[in-house]
Structures are given as C-alpha cells and as structure tokens.
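Q: Please read through the structure below; I'll follow up with questions.
Computed from the coordinates by the stated procedures, all read-outs in this text should not be read as laboratory data. If you're wondering where the values come from, they're calculated on a predicted model, not measured in any experiment. Ideal geometry is used to build each Cβ from the backbone, glycine not excepted, and the neighbour counts take in all protein chains shown.
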Amino acid sequence: MRKSWSLKICGMVVVFMMIGLWSTAGYAAADSTVKPIQQRPLNLPASFPVPDDAQTVTAVQNSTDEEKFVLFTFQTRLSMETLAKTYSEYFREHDMQDAIETISERKMVIQGTNEAARQNWILTAVPAASADGQVELTVVWTDER
C-alpha cells in the first residue's frame, strides 16, 4: 500500500512539473533566481551525481520516521547526451536495472525503484526555459525506511 501511494505521489509530482515546464517553454521565467548550489539537500543520497556547474532552482526535502522525500531541481550546461549516460549508469549501478527510460535530444525521463533499499526515483531533464543552452533536471526521491 505504502509503495503504491509513494509511486502515485511521485508520478503526480512529475506530471505537474512537466506540465509547468511545457507551458513555459519558449517564455522567459518571471523569477529567474537561480543560485549556485550552496549545499545539496541533506536527504539526497551522497552517491547521487550533481554536476560541478549545477545551479539550484528548487530544493525541498521532508523527513518523517517512516519516509524521506526530496524534490531537487537544478540547471547545468552539460549536454543531454552526457547527462543521459551519467544517470543511466547511476541507476544501473544502484540496482535499478529495470528503470524505465525515455531519452531523446530534447528530454530525459528515468523512473526506477530499488526494492532492497526501498527507494523510488524519478529524474526528468528538459532544456531550461529561462537559460540559453542549459538543461534543467528535476529529481524526486523517496526512501521508505
């Protein structure tokens, strides 16, 4: 029950994020307060690769006795090809060989579950609407330990 609930919530978050990204594509953002990463979300696993040039757009985390949650959006100048390779390898190396991947020149979506660690991941990447040549990645991560 809990896993189903978490996956539904993660799925809804991604749908809302993608709708927001698509609706703003081609328009300048009203508030372009992108800042260099001062500190990655504490709950995000240390093994998760964040590019050196990453700039934070959103970093939200929540933690209870039963679950941790992170929503982390950042921008980078790395190519979609480089990002796809990096994150596909990361998911495989962390026991998510069955992760669902949709990768093209203009977007990337990877969704995976590590049953042993009880972690759910959703990663999306699209060209940033407000920054020429940058890619915006959004990570949704839950840990149900």
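Q: With the convex hull built on the Cα atoms of the stretch 45-145, state its orientation-averaged projected area in nm².
A: 6.2 nm²
Q: Given the convex hull over the Cα atoms of the stretch 57-113, what projected area results after averaging over all orientations, in nm²?
A: Averaged projected area of the stretch 57-113's Cα convex hull equals 4.8 nm².
Q: Can you tell me the length gained on complete extension of the stretch Glu115 to Glu81, counting 0.36 nm per residue apart and subtracting the Cα distance?
A: My answer for the length gained is 9.5 nm.
Q: Moving on to the next point. Return the long-range amide H neighbours of Ala59 (sequence gap of 5 or more, or a different chain), with a cut-off of under 5 Å between placed amide H atoms.
A: Thr73
Q: How big is the charge dipole of the stretch 53-129 about its Cα centre, in debye rounded to the nearest 20, if each Lys and Arg gets +1 on its Cβ and each Asp and Glu gets -1 on its Cβ?
A: Using only the charged Cβ atoms, the result is roughly 340 debye.
Q: So if each residue of separation counts as 0.36 nm, and I subtract the Cα-Cα distance between Arg145 and Ser104, what length gain in nm does that give?
A: Extra length from Arg145 to Ser104 when fully extended: 11.4 nm.
Q: So for each of 127-134, 40-47 I average, over its residues, the number of other beta carbons within 10 Å; can you give me the resulting order with the highest mean first?
A: 127-134, 40-47
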